[in-house]
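A.B. asks: Please find one structure pasted underneath; my questions will follow.
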Amino acid sequence: MAFTVSFSPANVQMLQARSGHGHATFGSCSAVPRAGPRLRSTAVRVSSEQEAAAAVRAPSGRTIEECEADAVAGKFPAPPPLVRPKAPEGTPEIRPLDMAKRPRRNRKSPALRAAFQETSISPANFVLPLFIHEGEEDAPIGAMPGCYRLGWRHGLLDEVYKARDVGVNSFVLFPKVPDALKSPTGDEAYNDNGLVPRTIRLLKDKFPDIVIYTDVALDPYSSDGHDGIVREDGVIMNDETVYQLCKQAVSQARAGADVVSPSDMMDGRIGALRSALDAEGFHDVSIMSYTAKYASSFYGPFREALDSNPRFGDKKTYHMNPANYREALIETAADEAEGADILLVKPGLPYLDIIRLLRDHSALPIAAYQVSGEYSMIKAGGALGMVDEQKVMMESLMCLRRAGADVILTYFARHAAAVLCGMGPK
C-alpha cells in the first residue's frame, strides 16, 4: 500500500535548486518529477510500514516474517546459559528469608541507583567565596590550602573566569582591609570607593551576567574585630550597628551588588536593610540573611584569611549558641517577616539538622555555608591520606543538598563543579 503527496511545479523547482540535483531531497524521502510531456505536478511515494518491514532481513538473510513464523512454531534460537554466581566456600545453605520488601533491589545496579536518586547537585547550586585585598599579587592563606587573598584587579578576574568555565556563576566577596582603614565604628564599610564597591564595579564590567553576593558586617572594618560597634564596657551596640549596616548595604547596591548578605546577627537588621534599600530605589536587590549563624569554632581559618579575629572577648552575645535548635525558628520567623529573600545556615555540615528545620518551616530558598574549618579539615585529611579528599568533598556537598540547601557557599565550588562537568577525575 502507498500514498502520494502532491507538490506544485514551483515548489519542486525550488527544492531542486536547493539540493543541486535532478531531484529534491526531503527528509528521508526523495521528490522525483514524473515523466510526461508537461510538468504539472510532482509526487513523493513513501512505502508503507509493511512494505518496509518486508524488505528488512536478519543477519542470516531471513526476513522478519520468516523469523516470526519460526517463533510461532516454537523454533527459538538457544539462549545463553543462565549462570548464577557461586557463593564462597563455607557459606551456609539456608532457606531464604520470607520478605516481601527488599529495599536492596532498588540499589542493585548503577542504572537503578541513578534512576532512583532523590537529590541532585550541579554547579548552579554553588556560590564561590572570594577573598580580596588591595595588593596586586595573590597571597596564599596558610590555614586554607588552595585558597588565596586575590589581587582585586588581576587574580580575582582570573579566578572568576576559571569558575565560570565550569558553570559557577555566583560569587561572594570578603575583603582584607588595611589596618589603617579600620576604626571603632567601621566607617570604611560604606566608602563608595572602598575595596568592595570597586571590585563589584570591575566584575560587573567584565562579567555582567554573574551574581554578586556581598557580606554586610563591620568586623572586616572594625578595629575591635567585632561585627558591631563596641561600647566601652564591651557590649555590642545593636541599633547603632544596624544604622551603619544600612549605609554599607546601600553602598554595595549602588556599586551593582545583586544580593546583600548581613552576617552580623543584630536584631532587626533585615527590616532596616529592606527599608534602606527600597528608599534608595534598590527594590530588586535581594537580601540573604544569615538567619542561623552559630558562635562556632569552625571559623578559625576564615578569620586568619581576613585578619578579623576579635581583639577581645567572643561573639556569643550576638551569634547563636551551638546547643540551641528551637531558637533558629525565632530567627527564621523574624527574618521572613522583615523581608528576607534567602535564609542561610552557618556552619553547614555540623548543622544539617538546622538546615532541615528551616527547610521544613519556610518556603524561602535555603542557603548553607560550608565554612573554612570544614574545608580545611577535608583538605588536611586528604593531604595526610586519611580520606579520599575528592570523594569526601562531593559527599559533604550532597549531604548539604539532601538536608535542604538550595545553594551552598563553598570554597570547593570550582573543584566540585569541574568534577560534575567531567573535567576532573571521578
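A.B. asks: When the residues of segment 328-346 are filtered to those that are open to solvent by 20 Å² or more (accessible area, probe 1.4 Å) and assigned to a helix (DSSP H, G or I), which remaining residue is nearest to L277 (Cα to Cα)?
C.D. replies: Checked segment 328-346; the qualifying residue nearest to L277 (Cα to Cα) is E338.
A.B. asks: Is there a residue in segment 157-171 that is hydrophobic (A, V, I, L, M, F, W, C), at pLDDT 95 or above and in contact with a Ser or Thr (Cβ under 8 Å, 6 or more places away or on another chain)?
C.D. replies: no
A.B. asks: Another one. Within segment 347-356, track down each residue that is more than 12 Å from D406 (Cα to Cα) and open to solvent by 10 Å² or more (accessible area, probe 1.4 Å).
C.D. replies: Those that are more than 12 Å from D406 (Cα to Cα) and open to solvent by 10 Å² or more (accessible area, probe 1.4 Å): L349, P350, Y351, L352, D353.
A.B. asks: Does D192 qualify as being charged (D, E, K, R) and closer than 21 Å to L344 by Cβ?
C.D. replies: no
A.B. asks: I've got another one for you. Identify, please: which residue in segment 111-159 is among the charged types (D, E, K, R) and assigned to a helix (DSSP H, G or I) and is, among those, farthest from K206 (Cα to Cα)?
C.D. replies: Among residues in segment 111-159 that are among the charged types (D, E, K, R) and assigned to a helix (DSSP H, G or I), the one farthest from K206 (Cα to Cα) is R113.
A.B. asks: Next up: Of R359, R414, R402, which residue is open to solvent by 50 Å² or more (accessible area, probe 1.4 Å), in contact with a Gly (Cβ under 6 Å, 6 or more places away or on another chain), part of a helix (DSSP H, G or I) and touching a residue at least 24 places away in the same chain (Cβ under 8 Å)?
C.D. replies: The unique qualifying residue is R359.
A.B. asks: Do we find a residue being at pLDDT 95 or above, open to solvent by less than 40 Å² (accessible area, probe 1.4 Å), β-branched (V, I, T) and not in a loop (DSSP other than H, G, I, E, B) anywhere in segment 368-390?
C.D. replies: There is at least one residue in segment 368-390 that is at pLDDT 95 or above, open to solvent by less than 40 Å² (accessible area, probe 1.4 Å), β-branched (V, I, T) and not in a loop (DSSP other than H, G, I, E, B).
A.B. asks: If you don't mind, another one. Filter segment 137-151 for residues that are within 18 Å of L173 (Cβ to Cβ) and of a type outside the set (F, W, Y) and give the result.
C.D. replies: D138, A139, I141, M144, C147, R149, L150, G151
A.B. asks: May I ask you to list the residues in segment 274-327 that are closer than 21 Å to I212 by Cα, aromatic (F, W, Y) and either touching a helix residue (DSSP H, G or I) at 6+ places or on another chain (Cβ under 6 Å) or open to solvent by 10 Å² or more (accessible area, probe 1.4 Å) (or both)?
C.D. replies: Scanning segment 274-327 gives F282, F302.
A.B. asks: M393: among the aliphatic types (A, V, I, L, M), at pLDDT 95 or above, open to solvent by less than 10 Å² (accessible area, probe 1.4 Å) and out of contact with any Pro (no Cβ under 9 Å at 6 or more places or on another chain), yes or no?
C.D. replies: Taking the combined requirement at face value, the residue satisfies it.
A.B. asks: Can you find a residue in segment 171-187 that is in contact with an Asp or Glu (Cβ under 9 Å, 6 or more places away or on another chain), within 21 Å of T410 (Cα to Cα) and not hydrophobic (A, V, I, L, M, F, W, C)?
C.D. replies: yes
A.B. asks: So which residues in segment 114-151 are more than 24 Å from G348 (Cβ to Cβ) and surrounded by 15 or more Cβ atoms within 10 Å (Cβ to Cβ)?
C.D. replies: H133, E134, G135, D138, A139, G151
A.B. asks: Let me spell it out: the conditions are (1) under 22 Å from the mean Cα position of the chain (by Cα); (2) more than 23 Å from V166 (Cα to Cα), and E338 meets all of them except one. Which number is the exception?
C.D. replies: Here E338 clears every test but (1).
A.B. asks: When only residues in segment 188-200 that are open to solvent by 20 Å² or more (accessible area, probe 1.4 Å) and in contact (Cβ under 8 Å) with a residue 24 or more places away in the chain count, which is nearest to C147 (Cα to Cα)?
C.D. replies: The residue in question is R198.
A.B. asks: Would you call V235 open to solvent by 10 Å² or more (accessible area, probe 1.4 Å) and over 16 Å from E188 (Cβ atoms)?
C.D. replies: The answer is yes for V235.
A.B. asks: Give the residue, chosen from T185, T214, that is among the β-branched types (V, I, T), part of a loop (DSSP other than H, G, I, E, B) and either buried (at least 24 other Cβ atoms within 10 Å of the Cβ) or out of contact with any helix residue (DSSP H, G or I) (no Cβ under 6 Å at 6 or more places or on another chain) (or both).
C.D. replies: The match here is T185.
The values are calculated or read from the model by the stated rules, or taken from the named source; none is laboratory data. Since we're looking at a predicted model, the values are computed, not measured. Glycine also receives a Cβ, built like all others from the backbone with ideal geometry; neighbour counts cover every protein chain displayed. Note: accessible area is taken over every heavy atom of the protein model, side chains too, but ligands, DNA and RNA are not part of it. Shrake-Rupley method; radii C 1.70, N 1.55, O 1.52, S 1.80 Å.
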